[in-house]
1. What do you reckon, is T197 outside the structural domain of E100 (by TED's automatic domain parsing), surrounded by fewer than 11 Cβ atoms within 10 Å (Cβ to Cβ) and at pLDDT below 85?
2. Scan region 9-48 for residues that are closer than 22 Å to F81 by Cα, of a type in the set (A, V, I, L, M) and surrounded by 15 or more Cβ atoms within 10 Å (Cβ to Cβ) and report the count.
3. Go through (1) surrounded by fewer than 19 Cβ atoms within 10 Å (Cβ to Cβ); (2) over 18 Å from A170 (Cβ atoms) one by one and return the number of the condition F62 breaks.
4. Looking at region 246-267, is at least one residue in contact with a Ser or Thr (Cβ under 8 Å, 6 or more places away or on another chain), surrounded by 11 or more Cβ atoms within 10 Å (Cβ to Cβ) and at pLDDT below 80?
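The values are calculated or read from the model by the stated rules, or taken from the named source; none is laboratory data. All values reported here derive from a predicted model rather than from experimental measurement. Note: ideal-geometry Cβ built from the backbone for every residue, glycine included; neighbour counts use all protein chains shown.
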Amino acid sequence: MEIVLSKLLTQIRHQEDKLSSQMMQTTEEAYQMTLFLNEMLCNIKAKVLQDGFTNEQQEIDFFKNIKPQILGKLIYYNKVFRIETTCPVSNGKIHQSYFENLLKTLKSEYKESICNEDFYRYYRTGRIDRDHSYFRLGKVNYHDGLKSGVFEIDLSFSTYYDNKIAHIIANELLYTFFFFLINPEKNPDTVLINGDTHKDISWTNSQNALIELIYALYASNSIAYGKIGIRKLALIFQVLFRTPLNDIHHSFHRMKTRAGSRTAFLDQLKISLEEYMDKDL
């Protein structure tokens, strides 16, 4: 039996890019990724239970490196879905406070139950001397004083420690998710604007006009060859122009059905540019 991690990660990234390009809301994207990853994991489980492993090293590699990557993302997307669907508002101070509290809770859980564990240090330092105990089926040592979660997992498809690595991965992804929601200006994937230096840069037209421009740039693959998702692109413009954009997805769909020209702002841009060109003649 051969399960190649790089191929699985490529499939996951492809699905993430596909969903992002469909301009879904975060909740729907997280839900679809949860379904996708759960199905992937179920298929892999069936393959493992049917074929087993060729040798001990293959088994260790699967439970140490392969399964935790899939399960970690599955846990992450499921948590994002639950968090987003229970968020009381979509923006403002309450929205900010909601995610700040979640980030504090995540940090507290990390300090109390993760970073002080021997296994966490073992995993983080890249050790391999106890891999045969941690990442082989049927090797759970209850003398280690394991948490009761060990009794809730399927030990025919888990060594318990693969599950712990998955939660470490999920928590790291959640930390990044919370941090950049709270501090979008610190996201390395967005345009970073220094507040004191760029106070005069602001969007002075309507929000709908900016959303129309963003979608036009996205649809034409004019930025990064279309590889940047619509939400990330919208975030760049929000940071750049210091203007909040509410639900761009619904705003776009309203544009599709509005009376008159559906591209009113782009039409006006064309007229303004042509008039400006004529002045130089």
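1. Spelling it out, T197 is indeed outside the structural domain of E100 (by TED's automatic domain parsing), surrounded by fewer than 11 Cβ atoms within 10 Å (Cβ to Cβ) and at pLDDT below 85.
2. Number of matching residues: 9.
3. (1)
4. Yes, the conditions are met somewhere in region 246-267.
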